[in-house]
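See structure below.
The values are calculated or read from the model by the stated rules, or taken from the named source; none is laboratory data. The shown structure was predicted, so the numbers you read here are calculated from the model rather than taken from an experiment. Glycine also receives a Cβ, built like all others from the backbone with ideal geometry; neighbour counts cover every protein chain displayed.
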Amino acid sequence: MDFFTLLSAAINDFIQYGYDDENRLKQWVDKLRYAAQKSMISEKQMQIEINKSLNNAFNRLVIRGGLVNKDVSKFTVDKLKPKLRQELDRRIVASARLIKLNREDAITTTLRRFEGWATSIPQGGSKSVDKVAEKSHIRKDLASIKFRERRVIIDQTHKLISSINEIVAVDNGAIAFEWHSNWKQAGYDYRVDHKERDKVIYLVRDNWASKAGLIKPVNGYYDDITAVGEEVFCRCFANGIYNIRKLPNEFLTAKGEIHLQSQKTVIGK
């Protein structure tokens, strides 16, 4: 018997007889726990789905050259593969652990709701119970577990992509990141402070241009704020900036302006 059919039977039983025996309640709870566990896809199959999603993202960016562009060379990406694979492995472990914890929490919450409701029914039962409403309330965490598990995988995949991009950018000498928010995306529950960061440029701390005294932190440093993808279900992304020519003028120090002007003069010759 599947979980939701069993839950209906348990609710009907307590509506008819009420809470009159602790052992009977325990038997129902044990049956419901077992049925709830069996209603979920196996941990093995879930691990396959986690591996597939995160490995697809990793392969697209790292193996198939999705990171290679005019600012990032294939040599840089190849050199960082071991470090990036460590990040992939870390995200796979984190995803599996989060899903396991979510499952345990969903089952515990569901059974606690059932026990709380069942023990409230007087001996002899009750004719005033709204069975549909009670069943919907008790089962809601388990009913949404597949959706929540999928969101965990999507979120961890985005976190992996954000981490890989940041690792490659910093190692390749990025001096700043420009934040991009997806607040215009239909249906996206964006964070207001992330929307306010849209198109804002944050310097990478201790970057080569700062050490040379060429630029200054107009909006602060990237490590002063939560990174893109760091907060749950954040879909923001950040583009690395590698050359002071790509920064607005207000980021340049007097020394930076002279340096940039000298480069233009050399190019002009």
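Points to keep in mind about this one:
- The stretch 74-123: number of residues that are touching a residue at least 24 places away in the same chain (Cβ under 8 Å) and under 19 Å from the mean Cα position of the chain (by Cα): 16
- Matching residues, the stretch 111-150, being among the basic types (Lys, Arg) and either loosely packed, with under 15 Cβ neighbours inside 10 Å or not assigned by TED's automatic domain parsing to the domain that holds ARG24 (or both): ARG112, LYS127, LYS131, LYS140, LYS146, ARG150
- Residue match in the stretch 54-65 (condition: surrounded by fewer than 16 Cβ atoms within 10 Å (Cβ to Cβ), at positive phi, touching a residue at least 12 places away in the same chain (Cβ under 8 Å) and in contact with a Lys or Arg (Cβ under 8 Å, 6 or more places away or on another chain)): yes
- Qualifying residue in the stretch 212-222 (condition: crowded, with 17+ Cβ neighbours inside 10 Å and under 26 Å from LEU54 (Cβ atoms)): yes
- Here HIS259 does not fit the description of being closer than 30 Å to LEU98 by Cα, surrounded by 12 or more Cβ atoms within 10 Å (Cβ to Cβ) and not basic (Lys, Arg).
- Hey, ARG235 of a type outside the set (Ser, Thr, Tyr) and over 29 Å from PRO82 (Cβ atoms) or not: no
- Any hit, the stretch 140-147, residues being closer than 30 Å to ILE225 by Cβ and outside any strand (DSSP E or B): yes
- Within the stretch 71-78, not a single residue is surrounded by 13 or more Cβ atoms within 10 Å (Cβ to Cβ) and touching a Ser or Thr at 6+ places or on another chain (Cβ under 8 Å).
- Top-ranked residue in the stretch 26-68 [being within 20 Å of the chain's Cα centre (by Cα) and of a type in the set (Gly, Ala, Ser); ranked as farthest from ARG139 (Cα to Cα)]: ALA57
- Those residues of the stretch 216-231 which are among the charged types (D, E, K, R) and within 12 Å of LYS159 (Cα to Cα), in sequence order: GLU230, GLU231
- Among the residues of the stretch 239-256, the one identified as surrounded by fewer than 12 Cβ atoms within 10 Å (Cβ to Cβ) and under 19 Å from ASN69 (Cα atoms) is ARG245.
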